[in-house]
């Protein structure tokens, strides 16, 4: 069975998420949500292909996969010895831009805001 490895960015993001939830909703809620996310991540050890392939979902070349848990996308990569957690993004974040440099802003929005 493969082990889980977090990139520094993913580990930082998880800590920041816990802190933000603690400040807004309390430490019990933060622990519960972070536990749900980390349980889902650990579940990848039993079924590493559980997540969707980024290349099939978004029509771009990538060996990343993702799962969606507690309003967060968790991106990971299956390696020979590890399942590497690349990063986490809240559903409101533009992960396509941050991860892949793909601008998903519709032309109508650009025209409207004159960007």
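Descriptive notes on the structure:
- Residues listed by number, segment 66-93, amide nitrogen under 20 Å from residue 11 label point at 7 Å toward C-beta: 74-89
- When each of the peptides 13-25, 78-90 is scored by the mean number of other C-beta atoms lying within 10 Å of its residues, the order from highest to lowest reads 78-90, 13-25.
- Measuring r between the beta carbons of residue 25 and residue 4 and using R0 = 25 Å, the FRET efficiency lands at 0.45.
- Calculated FRET efficiency for the pair residue 94/residue 39, C-beta based, R₀ 25 Å, to 0.05: 0.40
- Separation of segment 1-18 from segment 38-93 is 12 Å, based on Cα centroids.
Every number here is computed from the coordinates shown, using simple stated rules; none is lab data. The shown structure was predicted, so the numbers you read here are calculated from the model rather than taken from an experiment. Heads up, the Cβs are rebuilt from the backbone with ideal geometry, glycines too, and the neighbour counts pull from every protein chain shown.
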